[in-house]
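Only the coordinates and a few stated rules stand behind these numbers; no lab work does. Please read these numbers as outputs of a predicted model, since none were measured by experiment. For neighbour counting, all protein chains shown are included, and Cβ atoms are generated from backbone atoms with ideal geometry for every residue, glycine included.
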2 protein chains.
Amino acid sequence: MKKASIVSIGNELLNGQTVDTNTTYLSGQLLTIGLPVVSSYTIGDEMDAIVRAFNLAGTDADIVLATGGLGPTDDDLTRQAFAKFLGTELQLKADLLHRIQNFFTKRNVQMSEKNKIQAYIPAGAKALANPLGTAPGIMAEAKGKLLVALPGVPSEMKQMFAESVLSELQRFAGTQAVVVRKLRCFGTGESNIAELLGPLMQRGRNPLINCTVEYGVITLHIIATAEDKNKARQMAEKEEKSLRNTLGELVYGTEEQTLAEVVGEKLARQKMTITVAESCTGGTLVRLLTDIPGASRYFTHGWVTYSNTAKTGELGVPADLIQKYGAVSEQVAQAMARGARKKAQTDFAISITGIAGPAGGTEQKPVGLVYICVDSDNGCDTKRCLFSHDRRFIRLRAAQTALNMLRLKLNI
Amino acid sequence: MKKASIVSIGNELLNGQTVDTNTTYLSGQLLTIGLPVVSSYTIGDEMDAIVRAFNLAGTDADIVLATGGLGPTDDDLTRQAFAKFLGTELQLKADLLHRIQNFFTKRNVQMSEKNKIQAYIPAGAKALANPLGTAPGIMAEAKGKLLVALPGVPSEMKQMFAESVLSELQRFAGTQAVVVRKLRCFGTGESNIAELLGPLMQRGRNPLINCTVEYGVITLHIIATAEDKNKARQMAEKEEKSLRNTLGELVYGTEEQTLAEVVGEKLARQKMTITVAESCTGGTLVRLLTDIPGASRYFTHGWVTYSNTAKTGELGVPADLIQKYGAVSEQVAQAMARGARKKAQTDFAISITGIAGPAGGTEQKPVGLVYICVDSDNGCDTKRCLFSHDRRFIRLRAAQTALNMLRLKLNI
């Protein structure tokens, strides 16, 4: 079985400034094509250190994936180290230079002299297109090893990996059948999921079930291994069915789906529309909704009403209601949702009012207290939540919880 | 100058499931006591791989800091590898066994036989107390090198590092004072900054200037090293002044400050208020503004007007203006900002209208085209931008650019 090793290059990775997420991303991607990562090296922007890491990684594995050090400044040395590793020289590629110049021309910006270095590639190596930036990637086969260098900027690296590298790796590594499925869940904690699944989550099982958590979204990774792709896919599908049976409505989607995406699809399919009236989340919910391309099919406009006056003026929440129950109350949440829905003439309206902190909490109404209301022709459905952690977490969890409430309504 | 190298141990770090934040944390901590990290190795739970990584790290540096692999299960092999590296055997420590047994007794839990292995330490090494868990750390000096192993659980690792390791490292490394300052910049590219700073960014300089980029924000790390803290601070301050002189208004803040935070502080101090009218950014800007605690001092409410009807209905943008110039135009951006400011009665209004993609672009108005307008008593200031990358990036860059336009107005 072919193996891979990862080399991360950049001083910022060694001075405590930047968390290296590229290694995690690449490891996960390689796993999906059955390539285990056996080691990873992180070094600063130093020629000898980079060449040495290439050599070490090449000893550990058949495939060496490097990120970082392809920028235009003097401390970007990966392309020089790549050439040294191959025992060749850098060559200016006219087509690359042309592409980089174009990148700047299109933006009406003068290309810096520094950027010229990015048009140099080790002789005998292949340049990989970078659709998002000026740094091309580099790929070469030598002594039975495959060496690939990609930029360190995660968005550029990911797109280039998907477009230009993944298929090359599959070709180089030969067939190995691993199928990974992801199930996305929302509405309970990790330990509850683990309890519900019981022995299914045991180590060493095939399919293997791994569990990761991020902002309340629990992702179950089903990793099925078999002699061929078909067999592995069947195993993963069978496992997915069994997990869905056990978890029911806790499962909201698959693969990279977000709650907003799933909710958006349901709204579009059912030809329903939505508006929002946010207080403490201050745009967190509407941003999630409009992160999805094509959100205009179900969303036309919404409000962020932070002050009491705005809740009254924009949404028609009675001032005496706020006076009597406080802005953070079930009553005001309902009046906000009803007011927004009436004004926007939509099928659904979501309102959120709460205390995101760090200041503003009291004993009766502590930081993290949030009321979420979903209004529709079937009436108001209001949820009282108490989130912990910090302001950022409280705001995001409140918005996610609101989307989940709407999702469950749209399931019917 | 003494140097350090970090070894991270654990299969989960190489299968795409866990982001290694320990290396970043330790690197940052070491930098504050003047210990540069020159390399970092990540390997799975395999005896030979761990010993080899210890040897490599010991060749690179004087201090080797390892995390992970100290748990009670069979695949935790760090203590055995530590002993092999030292050329000694593991020894049962009665006091450690007693402490581990106590840990379980206090929790009314029966200690598993497996946990007994955690009471074994290489002969000649020192055990480090773990106040939060059962895995003790291990420390030993051999052949002029200092080797330290800590658990991989971040909370346990951090507490043990602060309580038992940091002072030992200072003793071992001798005193060396490092002061790190961060300068945050916005409004130009990395290569332009590099050109402006020229020789200041040379490697090996003291203070050293490192440069990192994230969503258009360029961070300059000034790292000054000297015999004592005072001297280092003076050097960093002098360097900061000189950088500020060169970069002028490109510098918006220091340390962890965000654009929204700096803009918010200026608004609050000048007792000014702001509203927003967002189209393509769909809440990205208002979320950034309200991410800041106390945003209610300068922000009361805002609109996300996605559809043309909403722009007309909520903000009073003339329908024939949209008809004539299109929703993505300087004219509509200005009408949105003016309409929002009039309705919210604020000192400033920011509007954003553009094409975030991936669909909806034309030759005249491509994806990434965004008009941003800041309206105030001094009139409308409108900027035409063409951002690249994906939807998420375009939205965030547009919101950041809007905040930066407002910042420059508030500087006056």
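Just a few scattered comments:
- Look at the stretch B:28-40: the mean tally of other chain Cβ atoms within 10 Å of its residues' Cβ atoms is 4.
- Sparsely packed loop sites in segment A:34-127 (the GluC sites (Glu not before Pro) outside DSSP H, G, I, E and B with at most 12 other Cβ atoms within 10 Å) comprise A:89.
- The Cα atoms of segment B:177-254 define a convex hull whose projected area, averaged across directions, is 4.6 nm².
- Normalised Debye scattering of the protein assembly as shown at q = 0.05 Å⁻¹ gives log10 I(q)/I(0) of -0.30, counting only Cα atoms as equal scatterers and leaving out solvent.
- For segment B:192-296, the set of trypsin sites (Lys or Arg not before Pro) satisfying both a DSSP loop assignment and a count of at most 12 other C-beta atoms within 10 Å is given as B:205, B:271.
- Helix B:94-106 vs. chain B, principal-axis angle (Cα, 0 to 90°, nearest 10): 50 degrees
- Each label was represented as a point 7 Å from its Cα along the Cα-to-Cβ direction; for residue A:256 and residue A:386 these points are 3.8 nm apart.
- Chain A: calculated mean residue ellipticity at 222 nm from DSSP helix runs of at least 4, using -39500 (n - 2.57): -11500 deg cm²/dmol
- Longest to shortest principal axis, alpha-carbon extents of chain A, angstrom: 79, 56, 42
- The calculated P(r) of segment B:310-354, using every Cα pair and 5 Å bins from 0, goes 5, 27, 35, 21, 9, 2 in percent.
- Neighbourhood charge, 14 Å Cβ-Cβ cut-off, centred on residue B:34 and excluding it, Lys, Arg +1 and Asp, Glu -1: +3
- Note on segment A:4-173: the alpha carbon radius of gyration divided by the globular reference 2.2 N^0.38 Å gives 0.97.
- Here the extension length gained between residue A:108 and residue A:166 equals 17.5 nm, from 0.36 nm per residue of separation less the Cα-Cα distance.
- Cα-based equivalent ellipsoid of segment A:259-410: semi-axis lengths in Å, sorted from largest, via gyration tensor: 24, 17, 12
- GNM flexibility winner over chain A from A:381, A:320, A:60 (Cα, springs under 10 Å): A:320
- Per-residue mean of foreign Cβ neighbours for B:354-366 is 1 (Cβ atoms of other chains, 10 Å radius).
- Estimated translational diffusion coefficient (Stokes-Einstein, Kirkwood radius over Cα pairs, 10 °C, 1.306 mPa s) of segment A:145-295: 87 µm² per second.
- GluC sites (Glu not before Pro) lying in DSSP loop within segment B:224-291, provided at most 11 other Cβ fall within 10 Å: B:227, B:255, B:256
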